[in-house]
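Some notes on the structure that comes next.
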Amino acid sequence: MSWHNGVKAPYYKRAGGREKVGSIQPDFEGSFSTDLRYKNFTLGVLFDMRFGGEVVSFPAKYGTAYGVLETSLNAGETESENLLEKGVTWTSKYSGTEFTNGVIPAGVFADGTTITGPDGTNQNVGGMTWTEAANAGIVDDAVDEGQWAYWHSAWGTSVVNPNWLYTLSYVSLRNISFGYNVKLPKFKIQNLNVNLNVRNAGYLYNSAPANLHPESGRGTGSAQSAFIRTLMPYQRTYTLGLQFTF
């Protein structure tokens, strides 16, 4: 771990190297459509789907860091091995104020990490766990869960975690069309088709956290499809049509 003296909060130190964390290639992508007819009624349905392949979501990353998404709850942790304890109540050694919902992080401080303790002196905590440093009076007994959630997913300090690097799968109800055909010989109309079309009706399944839009890729290139950059709103389009055959 490393340490931010300004806000008195720890965060995991980045390794500084490259590691393979997954593949952007989906295991399966496809579509399925069907058209049904009953008497004068027609129904057409189109499904689009994707299963597998990792993506990096910037909206999920910053939404977790700034408390916008539900993923910021429980200190923004989906992996319990990063935290030894949750829901800790403690009194700050710096201010004397009592706090709740604290967490105790797992891991040790990196070699050479220096902390300005409550007494104002600088202490080298390299190789110490959080509990060891707390027992020595150098840090508080717990870390505020909001601080941990922020530094765990913030731009300059975050490490790879499942809040914003995840396997993306979805099943989209891409299009629904309802139609009705009727003959009107009195008006010399061989057939009148009344149809209602719904585009992007919704998602039957979406693995993105907090129900974020799963198809807001950064660009159209194959590599850019692994990056979700913009918090795109869901858009649904309704079209009512009339088609005459004379």
Note the listed values (1) 13.5; (2) 18.5; (3) 12.4, then indicate which one is mean projected area of the Cα convex hull in nm² calculated from this particular structure.
(2)
Check cross-link reach from LYS8 to the lysines: straight Cα distance under 24 Å, and skip same-chain residues fewer than eight apart.
LYS61, LYS86, LYS93
Expected 222 nm ellipticity per residue - DSSP helices of 4 or more, -39500 (n - 2.57), all of the chain, to 500:
-2500 deg cm²/dmol
Among 110-117, 232-239, how do they line up from the highest to the lowest mean number of other beta-carbon atoms within 10 Å?
110-117, 232-239
Going by average Cβ density within 10 Å per residue, which order do the peptides 139-148, 40-49 take, highest to lowest?
139-148, 40-49
Would you mind calculating the relative contact order of the chain from Cα pairs under 8 angstrom and at least 6 residues apart, reporting the percent as a whole number?
22
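Coordinate-derived values only; no laboratory data. The shown structure was predicted, so the numbers you read here are calculated from the model rather than taken from an experiment. A quick note on method: Cβ atoms are made from the backbone with ideal geometry, for glycine too, and the neighbour counts reach across all protein chains shown.
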